[in-house]
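Asker: The structure that follows is given in the form of structure tokens.
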Amino acid sequence: MKSEIILLGHGSRRAEANQGLLVVAEKVSRIMGQEVTPAYMAHDKPSLPEAVEGKIKDGATKIVIMPLFLFRGMHVTVDIHEELQEIREQHPEVEIIFTRELGADDGIASLASFRIKEALGE
């Protein structure tokens, strides 16, 4: 079975802010050529455990979780790992892969520069 993919965002009380994760998930899905499921740490559904459990219920044996977070804050270093540990204990037959966060990548710096130039009218 091919890997299932979950794109994890923080989530917001503002629905329009959560819409951004849906758009990014759709774009990543087109690039990857397979479904990418969005999930949220807080304030929207599905939560990470709900999304993972849904994939397992549908027969997934390998799940890749990509945190759409810039840096290694508490969610990336602690909270997500705690949630995943519980799931791994309940489903040892499922391989759960947690990718690196976006980080201080050249692509992020390039995008930031583009946004600054855009604001300056350059």
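Asker: Pick from segment 99-122 the residues that are assigned to a loop (DSSP other than H, G, I, E, B) and of a type outside the set (Asp, Glu): which of them is surrounded by the fewest Cβ atoms within 10 Å (Cβ to Cβ)?
Answerer: Looking at residues that are assigned to a loop (DSSP other than H, G, I, E, B) and of a type outside the set (Asp, Glu), I get Gly121.
Asker: Let me ask something additional. For segment 24-42, how many residues meet the condition of being hydrophobic (A, V, I, L, M, F, W, C), part of a helix (DSSP H, G or I) and either at pLDDT below 95 or surrounded by fewer than 14 Cβ atoms within 10 Å (Cβ to Cβ) (or both)? First the steps, then the outcome.
Answerer: Residues of segment 24-42 that are hydrophobic (A, V, I, L, M, F, W, C), as a first pass: 24-25, 28, 31-32, 36, 39, 41-42.
Still in the running and part of a helix (DSSP H, G or I): 24-25, 28, 31-32.
Then drop every residue that is not either at pLDDT below 95 or surrounded by fewer than 14 Cβ atoms within 10 Å (Cβ to Cβ) (or both), which leaves 31-32.
Total meeting the criteria: 2.
Asker: Tell me, which residue of segment 76-93 that is acidic (Asp, Glu) and part of a helix (DSSP H, G or I) is surrounded by the most Cβ atoms within 10 Å (Cβ to Cβ)?
Answerer: Top of the filtered list is Glu83.
Asker: Then there is this: Mind checking which pairs have a first residue in segment 1-17 that is at positive phi and a second that is in a strand (DSSP E or B) and of a type in the set (Phe, Trp, Tyr), Cβ under 6 Å, 6 or more apart or different chains?
Answerer: As it stands, the answer is Gly11/Tyr40, since those pairs meet every condition given.
Asker: Here's another thing I want to ask about it. In segment 43-75, how many are without any contact (Cβ under 8 Å) to a residue 60 or more places away in the chain and either assigned to a helix (DSSP H, G or I) or more than 17 Å from Glu101 (Cβ to Cβ) (or both)?
Answerer: Total satisfying the criteria: 19.
Asker: Let me ask another. Kindly check whether there is at least one residue in segment 114-121 that is in contact with a Gly (Cβ under 8 Å, 6 or more places away or on another chain), basic (Lys, Arg) and over 23 Å from Arg13 (Cβ atoms).
Answerer: No, that holds for no residue.
Asker: Okay, next question. Here are the criteria: (1) within 20 Å of Gly54 (Cβ to Cβ); (2) at pLDDT 95 or above; (3) part of a helix (DSSP H, G or I). Tell me which single one Ile96 does not satisfy.
Answerer: Every listed condition holds for Ile96 apart from (3).
Asker: Yes or no: segment 44-51 includes at least one residue that is hydroxyl-bearing (Ser, Thr, Tyr), surrounded by 15 or more Cβ atoms within 10 Å (Cβ to Cβ), on the phi < 0 side of the Ramachandran plot and more than 13 Å from the chain's Cα centre (by Cα).
Answerer: Taking every residue of segment 44-51 in turn, none turns out to be hydroxyl-bearing (Ser, Thr, Tyr), surrounded by 15 or more Cβ atoms within 10 Å (Cβ to Cβ), on the phi < 0 side of the Ramachandran plot and more than 13 Å from the chain's Cα centre (by Cα).
Asker: On to the next question. What is the residue count in segment 1-23 for residues that are outside any loop (DSSP other than H, G, I, E, B) and either surrounded by fewer than 16 Cβ atoms within 10 Å (Cβ to Cβ) or among the small types (Gly, Ala, Ser) (or both)?
Answerer: Residues in segment 1-23 being outside any loop (DSSP other than H, G, I, E, B) and either surrounded by fewer than 16 Cβ atoms within 10 Å (Cβ to Cβ) or among the small types (Gly, Ala, Ser) (or both): 8 in total.
The values are calculated or read from the model by the stated rules, or taken from the named source; none is laboratory data. Small disclaimer: the values here were computed from a predicted structure and weren't measured. Note that each Cβ is placed from the backbone with ideal geometry, even for glycine, and that neighbours are counted across all protein chains shown.
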